[in-house]
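To start, the structure itself, in C-alpha cells.
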Amino acid sequence: MRILLASSEIHPYSKTGGLADMVGALGKALARQGHQVGLVTPLYRGVREKFPDIQRLDWWLDVPWGEGRQGGQVFHRQAEKNLTVYFIDRPDFFDRNGLYTEHGHGYPDNPERYLFFSKAVVHLANYLPWRPQALHLHDWQTALAAPLVHWQRQQGAPVNLPRTLFTIHNLAYQGICDARFYALTNLPPAYWWPDGCEFFGAFNFLKGGIEYADLLTTVSPRYAREITTEAFGCQLDGVLRRRAAQLTGILNGVDYEEWNTEHNPYLRHPYSWRNLAGKAANKRELQREMGLPEREHVPLYGNISRLVDQKGTDLLLGALEEMLATEIQFVFLGSGEPVLEAACRRLAARYPAQVAVRIGFDQPLSHRIEAGCDFYLMPSRFEPCGLNQMYSLRYGTVPIVRRTGGLDDSVVDYLDDPRRANGIKFQEYSSRALARAMRKSLALYHEPALLRRYRINGMKADFSWDRTAREYSALYQKMAG
Ligand code: ADP
Ligand code: GLC
C-alpha cells in the first residue's frame, strides 16, 4: 500500500520523546515490508546540517489561512528503499531552539505552527504524485488533518483523498487553545460543536482528530481501555466511548537496529544473553562516567525521563529518600519542570556517593544508562506505551514499573507468570508501594541465579516492529477497503 505518516517529531531528525522513536521505526518497518512510505515532519533547526543530502523540491506550498493564505517550501530525502521523508519548511515557525518549548515555556504560537503543519500535510496528501491511500496522523500536532480531509471529502474533493488513521500517543496533550484560532482552519461552522472540535468553549486539536479520523489507535491495548474511563480519559472519555468501535490498542515495537547491546556505537562493551560479562563492564563505565564509586556489588538503579507529572517523579523521589538508607546507587537523566529538576539536583547533592543526576537530553548516555544499570525505575502515573521499559528488557536491566498502560502490557511480573517473569510490578500510586517493589528487587539482586533468569527472559522477549507494523497495515487495508 501507499502510506503517508505525519508527525511533529521523527527520529533521527528530531526528538523529545517516544513519539519520535515510534514514527521513525514504524516508517522503516512498513517500507521493509514492501509498502511505499512517506514521512512528513517540520524542518527544524539543524536538520539540514545533520543530513546534507536533504534536497529542496520544486514545490511551493500554498494553503488557505482564514481570510488570507500561507506558503512554505518542501524538502525531501530518500532515507531508504520505499521510504521518503518530506520536510515542511517555514523558518519563522520551525527554525527555533526548541521543538515546542523554550526555557520551560510553550511557544505561544504553537496553535498556528501546528495548524499550518497539518494543512501542509493535507496539501501533500492531495498532491503527492504517488497518491497515498492512507494518511496516518500522530498526536495533537497533526490531528487537525483529520477534519480537514473529512471536509474536503464532504465537498466531493476532486482527487481520491486518503483515509485517515489517528494514533493517540498521549491523551494528556490535547492542543487546547482559544476559540479565535478556529477561523484559521477554514472549516465550516458545522465542525465547531460539542461533537466536533469545540471543547468547553475552547478549540481542541486532539478532539478534532478523534471525532473525524476514519480509524483510531493508541499505543497499547491496556491504555486503549483506560482512556475510555473517566479516571484516564482527560475529559475525552465520553467521546472515546462513542468511537470505541473504531479504537484499537496496538503495542509499539522496539527498533532493535538502534536499541541493541551487540552492535551499539555508544557502548564500549558489547554483550548478549549468552554472555553477560560485558554488562558488568558497562556498569563500571557508567559509575565512572557519572562520578559514582565503582562498586560491582552495589545494585544500580536508573531512570531517564521527561520531568513531568505523568512520569511519577514524585514517587521516585519519595521512594529513594527511604531506600538510600540501604546500599544502592541511582542515576538519572532527564529534563523538564524546573521544580523537579531542582529536586533531583538536591538529592544528588545530599547523596554524592549514591546519586548522580544529569539534567539535559543525551541520547548516547541514555543507551549507557540502559546498559549499565541493574534495575530501571518507571513508576508512571499513566503510560500510554512507554519505551524505556522495553529497552531495559533488551539490555538485561530489570524494569520496576507501575501496573498501568503499556507498562502492564510489556513487563511480566512473577505473579503474572513465574516462568516468564522479567520485571517487578506494583499497583498503588505511592512512594511506599514503589519502595516495597524496590525491596523486592534487592531480594532478587541477592539471588544471582534468579536474577540471571529475569535478565535472560527480558533479553529474549521480542517486541520487534514486524508484528506491530503488520497490525497497522491491516488497519490501512481495512480503511482503504
Ligand atoms: P515519553 O514519550 O512519554 O517521554 P517513552 O518511554 O515512550 O516516554 O519514550 C521516551 C524516549 O525519549 C526514550 O527513547 C528515552 O530514552 C528518550 N528520552 C527521554 N528523556 C531523555 C533524555 N533526557 N535524554 C535522552 N533521551 C531521553
Ligand atoms: C508518548 C507516551 C509514551 C509512548 C510514546 C510513543 O510520548 O507518553 O508512553 O511510549 O508516546 O508512542
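Among the residues of the range 218-235, just one is surrounded by 16 or more Cβ atoms within 10 Å (Cβ to Cβ), of a type in the set (S, T, N, Q) and away from ligand 1 (no atom under 16 Å from the Cβ), namely Thr228.
Out of the helices (runs of 4 or more DSSP H) lying entirely within the range 108-184, which hold 1 or more residues that are out of contact with any strand residue (DSSP E or B) (no Cβ under 6 Å at 6 or more places or on another chain) and surrounded by fewer than 23 Cβ atoms within 10 Å (Cβ to Cβ)? It would help to see each step written out before you state the result.
Details: elements: 110-127, 139-143, 145-154.
It comes to 110-127, 145-154.
Across the range 348-377, the number of residues qualifying as surrounded by 22 or more Cβ atoms within 10 Å (Cβ to Cβ) and either within 14 Å of ligand 2 (Cβ to nearest atom) or part of a helix (DSSP H, G or I) (or both) comes to 6.
When Leu215, Leu240 are checked against the criterion of being over 30 Å from Asn422 (Cα atoms), in contact with a helix residue (DSSP H, G or I) (Cβ under 6 Å, 6 or more places away or on another chain) and surrounded by 15 or more Cβ atoms within 10 Å (Cβ to Cβ), Leu215 stands alone in meeting it. Is it true that Ser380 is at pLDDT 95 or above and not in a loop (DSSP other than H, G, I, E, B)? Considered against the rule, which asks whether it is at pLDDT 95 or above and not in a loop (DSSP other than H, G, I, E, B), Ser380 comes out as no.
What number of residues within the range 277-302 satisfy the criterion of being outside any helix (DSSP H, G or I) and within 29 Å of Lys28 (Cβ to Cβ)? Don't jump to the end; show me each part of the working.
Going residue by residue through the range 277-302, those that are outside any helix (DSSP H, G or I) are 290-302.
Still in the running and within 29 Å of Lys28 (Cβ to Cβ): 302.
The number of residues fulfilling the criteria is 1.
If you filter the range 15-49 down to residues that are outside any helix (DSSP H, G or I) and of a type in the set (Val, Ile, Thr), you find that the one that is nearest to ligand 2 (Cβ to nearest atom) is Thr16. Taking the listed residues Leu315, Leu320, Leu276, the one that is surrounded by fewer than 20 Cβ atoms within 10 Å (Cβ to Cβ) and under 17 Å from Tyr376 (Cβ atoms) is Leu276, with no other qualifying. Those helices (runs of 4 or more DSSP H) of the range 422-481 in which 1 or more residues are without any contact (Cβ under 8 Å) to a residue 12 or more places away in the chain and not assigned by TED's automatic domain parsing to the domain that holds Leu215 occupy 431-445, 448-460. Taking the criterion of being within 16 Å of ligand 2 (Cβ to nearest atom) and hydrophobic (A, V, I, L, M, F, W, C), the residues of the range 300-324 that qualify are Ile304, Leu307, Val308.
Set side by side, the residues Gly458, Gly386 differ, and just one is at pLDDT 95 or above and within 13 Å of ligand 1 (Cβ to nearest atom), which is Gly386.
Restricting the search to the range 287-322, which residues are aliphatic (A, V, I, L, M) and more than 29 Å from Pro384 (Cα to Cα)?
Met290, Leu292, Val298
Residues in the range 65-84: is at least one of a type in the set (Ser, Thr, Tyr), part of a loop (DSSP other than H, G, I, E, B) and buried (at least 18 other Cβ atoms within 10 Å of the Cβ)? Break it down into steps so the answer makes sense when it comes.
Looking only at the range 65-84, we keep the residues that are of a type in the set (Ser, Thr, Tyr), and these are 84.
Applying the additional criterion that residues be part of a loop (DSSP other than H, G, I, E, B) yields none.
Within the range 65-84 (the criterion being of a type in the set (Ser, Thr, Tyr), part of a loop (DSSP other than H, G, I, E, B) and buried (at least 18 other Cβ atoms within 10 Å of the Cβ)), the answer is no, since none of the residues qualifies.
Name every residue in the range 383-416 that is hydrophobic (A, V, I, L, M, F, W, C) and part of a loop (DSSP other than H, G, I, E, B), in order of residue number. Answer for the range 383-416, where residues must be hydrophobic (A, V, I, L, M, F, W, C) and part of a loop (DSSP other than H, G, I, E, B): Cys385, Leu387, Val411, Val412, Leu415.
The values are calculated or read from the model by the stated rules, or taken from the named source; none is laboratory data. Predicted, not measured: the structure shown is a model, and the values here were computed from it. Reconstructed Cβ throughout: ideal geometry from the backbone, glycine too, with neighbour counts over all protein chains shown.
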